[in-house]
Amino acid sequence: MTPIINLEATGKNIDKLMKERRLSKRDVQAVCGFTTVQTIYKWVHGKCLPTVDNLLVLSYLFDVTIDDILVIER
C-alpha cells in the first residue's frame, strides 16, 4: 500500500504545534516570508501542504522533524 499524506490531519497538526509554541499564524507568516497570512490558513485547514522548503522552516521553528509535522497514512 502506498503511503499518502493526510492533508486535513497534517493541517490540524501544524495548528497544534503552533499553539503549543504560542505562535500565531502571523508569526509563522513572518518567519516564512509570506506577504499575507492566507497560505498559513490553507495549511491549517488542509487545503494544501507546505513546500519542502517551508516544511524545513517549520521543523526548525517547532523544533521537530518533518516527519513529526506530516501525518502519513499507510
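The values are calculated or read from the model by the stated rules, or taken from the named source; none is laboratory data. Every value quoted in this text rests on a predicted model; they were computed, and no experiment measured them. No Cβ is skipped: glycine too gets one built from the backbone with ideal geometry, and neighbour counts run over all protein chains shown. Keep in mind that these areas ignore ligands, DNA and RNA; they rest on the heavy atoms of the full protein, side chains included. Shrake-Rupley method; radii C 1.70, N 1.55, O 1.52, S 1.80 Å.
Inside segment 20-44, can you point out the residues that are of a type outside the set (Val, Ile, Thr) and over 20 Å from ASP68 (Cβ atoms)?
If the condition is that a residue be of a type outside the set (Val, Ile, Thr) and over 20 Å from ASP68 (Cβ atoms), then SER24, ARG26, GLN29, ALA30, GLY33, PHE34, GLN38, TYR41, LYS42 are the ones that fit.
Give the number of residues within segment 40-56 that are open to solvent by 20 Å² or more (accessible area, probe 1.4 Å), out of contact with any Gly (no Cβ under 9 Å at 6 or more places or on another chain) and part of a helix (DSSP H, G or I).
Result for segment 40-56: 5.
Identify, please: which residue in segment 57-68 is closer than 15 Å to LEU23 by Cα and not charged (D, E, K, R) and is, among those, most open to solvent (accessible area, probe 1.4 Å)?
The extreme case among them is TYR60.
Looking at segment 6-19, I want the residues that are within 13 Å of LYS42 (Cβ to Cβ) and of a type in the set (Gly, Ala, Ser) and have a partner that is assigned to a helix (DSSP H, G or I) and open to solvent by 10 Å² or more (accessible area, probe 1.4 Å) with Cβ atoms under 8 Å, at least 6 apart or on another chain. Which pairs are those?
Taking only residues 6 or more apart or on different chains, the pairs are GLY11/VAL44.
Would you mind stating whether THR36 is open to solvent by less than 90 Å² (accessible area, probe 1.4 Å), part of a helix (DSSP H, G or I) and of a type in the set (Ser, Thr, Tyr)? Explain how you work it out, then say what you get.
Numbers: open to solvent by less than 90 Å² (accessible area, probe 1.4 Å): yes; part of a helix (DSSP H, G or I): no; of a type in the set (Ser, Thr, Tyr): yes.
Answer is no for this residue.
Which of the residues belonging to segment 47-74 are touching a Lys or Arg at 6+ places or on another chain (Cβ under 9 Å) and either free of Cβ contacts under 8 Å to residues at least 40 places away in the same chain or over 21 Å from THR2 (Cβ atoms) (or both)?
Of everything in segment 47-74, those that are touching a Lys or Arg at 6+ places or on another chain (Cβ under 9 Å) and either free of Cβ contacts under 8 Å to residues at least 40 places away in the same chain or over 21 Å from THR2 (Cβ atoms) (or both) turn out to be LEU61, PHE62, ASP63.
Regarding LYS16, is this residue in a helix (DSSP H, G or I), surrounded by 12 or more Cβ atoms within 10 Å (Cβ to Cβ) and not polar (S, T, N, Q)?
Judged against the criteria, LYS16 is a match.
Of all residues in segment 1-13, which are open to solvent by 50 Å² or more (accessible area, probe 1.4 Å) and either within 15 Å of LEU55 (Cβ to Cβ) or assigned to a helix (DSSP H, G or I) (or both)?
ILE5, LEU7, GLU8, LYS12
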